[in-house]
1. Taking Pro90, is it farther than 23 Å from His214 by Cβ, modelled with pLDDT of 95 or more, loosely packed, with under 14 Cβ neighbours inside 10 Å and more than 25 Å from the chain's Cα centre (by Cα)?
2. Kindly provide the set of residues from segment 243-266 that are assigned to a helix (DSSP H, G or I), open to solvent by less than 20 Å² (accessible area, probe 1.4 Å) and over 14 Å from Pro441 (Cα atoms), ordered by number.
3. Inspect segment 229-241 for any residue being assigned to a helix (DSSP H, G or I) and modelled with pLDDT of 95 or more and give the result as yes or no.
4. Being touching a helix residue (DSSP H, G or I) at 6+ places or on another chain (Cβ under 9 Å), open to solvent by 60 Å² or more (accessible area, probe 1.4 Å) and either more than 20 Å from Gln186 (Cβ to Cβ) or not basic (Lys, Arg) (or both): is that true of Glu16 here?
5. Name the residues in segment 35-81 that are touching a residue at least 24 places away in the same chain (Cβ under 8 Å), of a type outside the set (Phe, Trp, Tyr), open to solvent by 50 Å² or more (accessible area, probe 1.4 Å) and in contact with a Phe, Trp or Tyr (Cβ under 8 Å, 6 or more places away or on another chain), would you?
6. Among the residues of segment 108-115, is there at least one that is of a type in the set (Gly, Ala, Ser), modelled with pLDDT of 85 or more and surrounded by 13 or more Cβ atoms within 10 Å (Cβ to Cβ)?
7. Considering only segment 124-175, state which residues are outside any loop (DSSP other than H, G, I, E, B) and hydroxyl-bearing (Ser, Thr, Tyr).
Amino acid sequence: MTEQERYQMTVSDLAEKLVLRHSELKPEKAKRLADKYLRAIQRQIAKHLVFHKKLRIIQFSTEESFTDCGDFLLNKTRYYVLYEFQSIQPIVTVLDVGTNQKGKYSYVSIDNHYLDMLIANMDVEGILDAWWLTREQKTWDIEKVEWIPVDLIGLRHFILNSTQNLPSHKDPSYYAQAQANARIAQQLLIVAEHFEGHWPHLPKQSEYGRTYYHGLSLQNVKREIRHAALGHHYSYDLDAACYAVRLALVDAIYQEFGLDHTGLFTNTKDYLTQKGARRRYLAQHITHYPDGERLVKEALNAIGFGARLTAGSWLDETGHRQYSAMSDIIRNPEDCNRFITDPWVVEFTREQDMMTQIITEYYLQDSEFISQISGIRNMLTTRGTVSRRQMMAYLYQQAESRILRELTQDLDIVIGIHDGFITKKPIPMAELRSRLREIGPYLDITVEEHKPFRTADEEERDHREFIKQEEQRIARLYNRPRHEPITKEWWHTLPGVEIYTTQGTRYH
């Protein structure tokens, strides 16, 4: 049975159950109401699946789905479609109720059976409406869309690899995550196929300085989906940019007052000039995981955006509050304790607090600047004063955006990704680093090349095709027919066959 047939069967089943409850309701109208119920849930999946919390647990607006479902009248009594079907056959299980006053979504769980069925039956217009339309934004302007080329073959192979060609030795969470990735990629494939291999991105400008995109975008999908969708490409990232920007802001303040910070912030300067060596040194504390350097890098980046060495909340690079402690990054207690008590890490963290204090004290004295930023979302505390952390997020993102504009103004990039960008062709690193040195002395950049995503079978076919083309090229070069391999089993049946060896030509 196809997913489309399953959808129609589900509609019929829901309609029958609704008619059993309300015998006066006509079957055709019951089917229309059942379809509205499923489409409302489908819209929330398209809108929020990329922000899933724990695999099948996703954000969900019960208010929006209530409105999308609508109501119906029977014998002068009003019934609400969402409530009727949720009581008959609850597809959505609410785990954490949101609140309209605080703009907090609910968290819900949806069974895998329904998730796959609803995603398979999505259409392009419904997906884009879910991604792009809000209460305020009733229509979207196609003229403002940025078109990102997509490797459709790679995306199809990624979905196949995430659902069928899974290794047998992984733990259950691996399979669940692979399945979740496949569902998100499936939505992307529906859209990209419709637009002949392009992924539409509708930009929205943040007051803090960054450009984000509505709905599912290259910025919010997981790295593995992004790489599969883009095919062969290069991703460039500013390395430890939060520290370089913070130090640059402090440097400008010191210069304005004619002060010298030589001998200050030495651990920060050490990290910016010796990142690899410092990460390797700190990775010695991580003995329970094979990827110690990655965890150290992640932990240091979190410190850069305000994470505490002990439990507590902090603001990430987007200005959103996070409630994870350092122990959520380095989960083994012994490893984590060795890391957070390392004297270098303790002093490094203290330096970040000191620089933040210097920067915020300086800008708090600028009444014009304070007036300028006071109206920005989340900038003021409940007491009506400017939040130092939000101010730092603003200053950082403004600086980051300015750096990337200057760096890429004449480059052919696919898209900017927060503190980096993506290209289809490589850019000489020497050129990029030279440009960065002119912008700031501590800025650096890294690059990673990503090959097209292919399954093992497809890679083998590609390799064989490459060999075939090379043999044809060599044959043309020497004016000979392309070499066809001959197996031992039937050499003796072909007398006079030429056999080429390193010792010369001999005949069988």
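The values are calculated or read from the model by the stated rules, or taken from the named source; none is laboratory data. Every value quoted in this text rests on a predicted model; they were computed, and no experiment measured them. Positions of Cβ are backbone-derived with ideal geometry, glycine not excepted, and every protein chain shown enters the neighbour counts. The protein model used for the area step is the full one, side chains on, heavy atoms only, and it has no ligands, DNA or RNA in it. Shrake-Rupley method; radii C 1.70, N 1.55, O 1.52, S 1.80 Å.
1. no
2. Ile253
3. Yes, that holds for at least one residue.
4. yes
5. Matches in segment 35-81: Lys53 only.
6. Checked segment 108-115: at least one residue is of a type in the set (Gly, Ala, Ser), modelled with pLDDT of 85 or more and surrounded by 13 or more Cβ atoms within 10 Å (Cβ to Cβ).
7. Of everything in segment 124-175, those that are outside any loop (DSSP other than H, G, I, E, B) and hydroxyl-bearing (Ser, Thr, Tyr) turn out to be Ser162, Thr163, Ser173, Tyr174, Tyr175.
Residues checked against (1) at pLDDT 95 or above; (2) touching a Leu at 6+ places or on another chain (Cβ under 9 Å); (3) hydrophobic (A, V, I, L, M, F, W, C); (4) assigned to a helix (DSSP H, G or I):
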{"residue": "His285", "(1), (2), (3), (4)": "yes, no, no, no"}
{"residue": "His288", "(1), (2), (3), (4)": "no, no, no, no"}
{"residue": "Arg294", "(1), (2), (3), (4)": "no, no, no, yes"}
{"residue": "Glu298", "(1), (2), (3), (4)": "no, no, no, yes"}
{"residue": "Ile303", "(1), (2), (3), (4)": "no, yes, yes, yes"}
{"residue": "Ser324", "(1), (2), (3), (4)": "no, no, no, no"}
